[in-house]
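> Dumping the structure here so I can ask a few things about it.
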Amino acid sequence: EPEVTQTPSHQVTQMGQEVILRCVPISNHLYFYWYRQILGQKVEFLVSFYNNEISEKSEIFDDQFSVERPDGSNFTLKIRSTKLEDSAMYFCASLPKGSYEQYFGPGTRLTVT
Amino acid sequence: EDQVTQSPEALRLQEGESSSLNCSYTVSGLRGLFWYRQDPGKGPEFLFTLYSAGEEKEKERLKATLTKKESFLHITAPKPEDSATYLCAVRGPETSGSRLTFGEGTQLTVNP
């Protein structure tokens, strides 16, 4: 069964550094998402992406964040100048056309020290 | 703004002891209520989608139901492997796009 994959599974970085989180969505899906989950808190929407552009973003997704689909398979989240409060699990999700059911990847645990 | 509240926060059951989890929501123009299962350190795993009041879905020991204000996830004769956090999420009206709004989750522990 096709799955969303994410790399790395765990990323440790120092405050102020840039990180890129990578996702490979399910191959025939057209909509892509990033969510985050701070430890002990709820899953929060960051951004959605369709047809090679951002379709919506939350108030969390400020100028520090960017997303890109550099080729036909990868979907990336870049965080510039990381802060301690960016420490969280980051989940990628994808959605096929004509469906509302988002499928999530296993997540990347980001630790900012 | 879409809101989702789940209760209880945590639930401990003995194996075979049936119970229900609650998800209350406030959404104008619901376009789907979703149940996910999340194991520690993992991503949410899709379980069910419900679209309209009165709808029910079943999968093994789980049954999800929907009213105009809340959804229930009924667990019948649970087993230890059902232990996980169960998340409820909603998709709101067209104006809020395709984002999912999640509740805090119910952490279920089933003891053998």
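The values are calculated or read from the model by the stated rules, or taken from the named source; none is laboratory data. Being a predicted model, the structure only gives us computed values, none of them experimental. Note that each Cβ is placed from the backbone with ideal geometry, even for glycine, and that neighbours are counted across all protein chains shown. Just the protein is used for accessible areas: all its heavy atoms, side chains included, with ligands, DNA and RNA removed. Shrake-Rupley method; radii C 1.70, N 1.55, O 1.52, S 1.80 Å.
> Tally time: how many residues in segment A:88-113 are in a loop (DSSP other than H, G, I, E, B) and facing chain B (nearest Cβ under 8 Å)?
6
> Any idea which of A:I60, A:I38 is open to solvent by 10 Å² or more (accessible area, probe 1.4 Å) and either acidic (D, E) or within 18 Å of B:S96 (Cα to Cα) (or both)? Even if it seems obvious, please write down each step before you answer.
Details: A:I38 fails: either acidic (D, E) or within 18 Å of B:S96 (Cα to Cα) (or both).
Selected residue: A:I60, the only one of A:I60, A:I38 that is open to solvent by 10 Å² or more (accessible area, probe 1.4 Å) and either acidic (D, E) or within 18 Å of B:S96 (Cα to Cα) (or both).
> Among B:E55, B:E81, B:E70, which is of a type in the set (D, E, K, R), at pLDDT 95 or above and open to solvent by 70 Å² or more (accessible area, probe 1.4 Å)?
Numbers: B:E55 fails: open to solvent by 70 Å² or more (accessible area, probe 1.4 Å); B:E70 fails: open to solvent by 70 Å² or more (accessible area, probe 1.4 Å).
Every option except B:E81 fails the conditions.
> Just to be sure before I move on: is B:L13 open to solvent by less than 40 Å² (accessible area, probe 1.4 Å), farther than 23 Å from B:R99 by Cα and outside any loop (DSSP other than H, G, I, E, B) in the structure I sent? Step through it out loud before you land on a result.
Numbers: open to solvent by less than 40 Å² (accessible area, probe 1.4 Å): yes; farther than 23 Å from B:R99 by Cα: yes; outside any loop (DSSP other than H, G, I, E, B): yes.
Yes.
> Would you say B:P40 is open to solvent by 60 Å² or more (accessible area, probe 1.4 Å) and either among the β-branched types (V, I, T) or within 21 Å of A:F104 (Cβ to Cβ) (or both)?
Values: open to solvent by 60 Å² or more (accessible area, probe 1.4 Å): yes; either among the β-branched types (V, I, T) or within 21 Å of A:F104 (Cβ to Cβ) (or both): yes.
Yes: the conditions hold for B:P40.
> Anything in segment B:47-101 that is among the aliphatic types (A, V, I, L, M), outside any strand (DSSP E or B) and touching a residue at least 60 places away in the same chain (Cβ under 8 Å)? List them, or say none.
Going through segment B:47-101, the residues among the aliphatic types (A, V, I, L, M) turn out to be B:47, B:50, B:53, B:62, B:64, B:66, B:73, B:75, B:77, B:84, B:87, B:89-90, B:100.
Then keep just the ones that are outside any strand (DSSP E or B); that gives B:53, B:77.
Within segment B:47-101, just B:A77 meets the criteria.
> Just for segment B:84-112: of the residues that are more than 22 Å from A:G40 (Cα to Cα) and away from chain A (no Cβ under 14 Å), which one is most open to solvent (accessible area, probe 1.4 Å)?
Going through segment B:84-112, the residues more than 22 Å from A:G40 (Cα to Cα) turn out to be B:91-98, B:111-112.
Those left that are additionally away from chain A (no Cβ under 14 Å): B:111-112.
Details: B:N111: 48, B:P112: 122 Å².
The qualifying residue most open to solvent (accessible area, probe 1.4 Å) is B:P112.
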